[in-house]
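The values are calculated or read from the model by the stated rules, or taken from the named source; none is laboratory data. Note that the coordinates shown come from a computational prediction; the quantities given were computed from them, not determined experimentally. Ideal geometry is used to build each Cβ from the backbone, glycine not excepted, and the neighbour counts take in all protein chains shown.
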Amino acid sequence: CGDIDVHALALSPRRGGPKNLPIFDSWLDDTDTPEKAESSSKPRLVVLGSGWGSVALLNALKPGDYNVTLISPSNYFLFTPMLPSATVGTLELRSITEPVRRICAAAAAHFVNASANNIDFKERLIECSQRDPVTGDTVNFYVPYDKVVVGVGCTTNTHGVKGLQYCHFLKTVDDSKSIRNQLVANLEKAALPSTSIDERKRLLSFVVCGGGPTGVEMAAEVYDLMNEDLAKHYPKALRNLVSVHVIQSRSAILNTFDHSVSEYAMERFKHDNIDLLINSRVVEVKEDRVLFSQADPKDPSKKIIKEVPFGLCLWSTGVDQSPLTKSIVKDIGAPNQTNRRAIETDPQLRILGTPEGQAYAIGDCSTVRTHVLDTALDILKSHVLASRPFSANTQETPEALEKRVHEIKLTVGEVKRLTAVLQKTLPDSSEHFVRIDELFQEYDADHSGTLSYSELTKMLKDVDQKITSLPATAQRANQQGVYLGKKLRKIASIGAAAYDTPVPYGDIDAAYYKPFKYKHLGNLAYLGNAAVFDFGKHGTFTGGLLGMYIWRSAYFSQCVSFRTRALMFQDWLKRGLFGRDFIAP
Ligand code: FAD
């Protein structure tokens, strides 16, 4: 052991908290580097999760500013946009993963490979567990914090459909491996002389439930694989038996993209003979087939049930709360936590209903509450009504005032003024306010220059919905992580005194930092030797090979390290020269 003090390795933690568990407030690597040693007296910042949000946060912090501990059951960061490519062997899984310990070392943070099960916001304790993969034994313990950031992502939405145990999901490295194993096993079984034609067709039928970006990209990658590599290495007769199906409940795939982009994607898939089953809702998954409903062509008010057999079925239909998110939302409860999909935060990303400046949530597990409607109506009362001549009766009752608000008709100028005030009040949502003017034009077309109270309310509800449902994307998680990292850095830079000195309104975050503002940079998706881009108000781009190379470059530039960039480049080169390695890893 050289000069290592072996006695220091035997830490004996105190016990406590509501469940009288061991409380770990020191780690074996507390003094391994000067930054770690220096930070041991600093506020304890515990980050939960090792995904897009948490890693962006860690990278934005200044090492040594906080005593940082990252807790996650995954000891790697996964570059999810490339997961479909890695699943079919275009890239290797190790090329799209970065060891968390490497990221932690750069940020002078401790890493604990465990899951957070619960947070006691009063006692400031996180209940964690670590499961031994061999014995199955579980160790439970608490980790105390001064500030906690929840970035635990989300799970896949099952929509209550029966039989999902027969489906694959695509969120983790293990999911990707099991899809790859199944694909290889199906191909090998289909190539056996003893396998019947019908069974071969079933084995080579790939069904994707969900026409969002992940489902579409996975369908495109499987199509590429079958088209480009299958014929080279497996009997050619199998090629004609392969089928790829996408079942989508809406009338178009990629329906969150611009209409022209989803049209292009549908045309492309039709051209590639990918079977698009739109306006189709999965009702049940059986061991070897998916049952879905469609409107009866003879009587559209009625539904008919159809089925498609599969050898592999991918379930990719939106997001749901992870167990930790569920428990946080349940424990805090209404009125602070009322959203069924995510933890609600204020625009400073603080979890609503927790002590100020102690608990934050970022990424897919969170949503920002903005109250556009309430704020707009308050502003409406105070600004718009105040600017109009009141009736002679100055003793107006609240009921009478309310009645006058309901009776008003706003002019274009008034709506614009209201929008400007709202924009200042809710700065995180300004992107979406551009749309208020557009929406007003739509309403205006029918209403000759004025908007009634009920129309205004309808319009604001629409905006509210769009703002609170920020997309569950790496882009958003990354922006929130960077924002929070910079804010915590700023708070640390004002020094320890800042924690003790009262700040205006007692709100340290708002006193020293602006609220989070989401900047939508666009959506992109891979379509099989083609890609589509939707840059919002800056337009769209759809293209074949050129699109694919732009798509690759966009993600190549976003890799978290030079190591992953080098590995990805090597994989693409290898695939270009020798084709995909298609073996079960
Ligand atoms: P995640 O990145 O999901 O990370 C969550 C982390 O929390 C993980 O490390 C997990 O192990 C950990 N964790 C879970 N439970 C616990 C717990 N109890 N305690 C502690 N840690 C826990 N987005 C895009 O913008 N562009 C794309 O092209 C794109 N493609 C995608 C392709 C696929 C296949 C998938 C699955 C997603 C894709 N996304 C894409 C979405 C994007 O990956 C997510 O929006 C993003 O990962 C969210 O980041 P996050 O930090 O919130 O959570």
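Which residues, taken from segment 156-168, are of a type in the set (Ser, Thr, Tyr) and either touching a helix residue (DSSP H, G or I) at 6+ places or on another chain (Cβ under 9 Å) or within 16 Å of the ligand (Cβ to nearest atom) (or both)? Result: Thr156, Thr158. Screening Ile362 with (1) at pLDDT 95 or above; (2) more than 16 Å from the ligand (Cβ to nearest atom) gives one miss only, at (2).
Every residue in segment 451-497 that is surrounded by fewer than 21 Cβ atoms within 10 Å (Cβ to Cβ), in a loop (DSSP other than H, G, I, E, B) and either at pLDDT below 75 or away from the ligand (no atom under 16 Å from the Cβ) (or both), please. Matches in segment 451-497: Ser469, Ile494, Gly495, Ala496.
Taken as a whole, the structure leaves Asn59 outside the set of residues that are surrounded by fewer than 20 Cβ atoms within 10 Å (Cβ to Cβ) and part of a strand (DSSP E or B). Out of segment 91-140, which residues are of a type in the set (A, V, I, L, M), in a loop (DSSP other than H, G, I, E, B) and under 20 Å from Gly153 (Cα atoms)? Ala114 - this is the single residue of segment 91-140 that is of a type in the set (A, V, I, L, M), in a loop (DSSP other than H, G, I, E, B) and under 20 Å from Gly153 (Cα atoms). Restricting the search to segment 293-311, which residues are farther than 19 Å from Cys167 by Cα and touching a residue at least 12 places away in the same chain (Cβ under 8 Å)? Selection gives Gln294, Ala295, Ile305.
Only strands (runs of 3 or more DSSP E) whose full extent lies in segment 274-314 are considered here, and the ones with at least 2 residues that are among the charged types (D, E, K, R) and over 29 Å from the mean Cα position of the chain (by Cα) are 303-309. Taken over segment 156-172, the criterion of being under 26 Å from Ser293 (Cβ atoms) and outside any strand (DSSP E or B) is satisfied by Asn157, Thr158, His159, Gly160, Val161, Gly163, Leu164, Gln165, Tyr166, Cys167, Phe169, Leu170. If only residues of segment 550-570 that are over 20 Å from the mean Cα position of the chain (by Cα) and among the hydrophobic types (A, V, I, L, M, F, W, C) are counted, the one that is farthest from Pro99 (Cα to Cα) is Ile550. Among the residues of segment 146-155, are any among the hydroxyl-bearing types (Ser, Thr, Tyr), assigned to a helix (DSSP H, G or I) and either within 14 Å of the ligand (Cβ to nearest atom) or crowded, with 16+ Cβ neighbours inside 10 Å (or both)? No; the residues of segment 146-155 include none that is among the hydroxyl-bearing types (Ser, Thr, Tyr), assigned to a helix (DSSP H, G or I) and either within 14 Å of the ligand (Cβ to nearest atom) or crowded, with 16+ Cβ neighbours inside 10 Å (or both).
Please indicate, with yes or no, whether at least one residue in segment 76-95 is under 21 Å from the mean Cα position of the chain (by Cα), without any contact (Cβ under 8 Å) to a residue 40 or more places away in the chain, over 27 Å from Lys19 (Cα atoms) and more than 9 Å from the ligand (Cβ to nearest atom). So far as segment 76-95 goes, no, none of its residues is under 21 Å from the mean Cα position of the chain (by Cα), without any contact (Cβ under 8 Å) to a residue 40 or more places away in the chain, over 27 Å from Lys19 (Cα atoms) and more than 9 Å from the ligand (Cβ to nearest atom).
Within segment 100-121, residues that are hydroxyl-bearing (Ser, Thr, Tyr) sit with their Cβ atoms under 9 Å from residues that are surrounded by 21 or more Cβ atoms within 10 Å (Cβ to Cβ) and assigned to a loop (DSSP other than H, G, I, E, B), at 6+ positions apart or across chains, in these pairs: Ser115/Ser72; Ser115/Val152.
Restricting segment 281-309 to residues that are surrounded by 12 or more Cβ atoms within 10 Å (Cβ to Cβ), in contact with an Asp or Glu (Cβ under 7 Å, 6 or more places away or on another chain) and not β-branched (Val, Ile, Thr), the residue that is modelled with the lowest pLDDT is Lys303.
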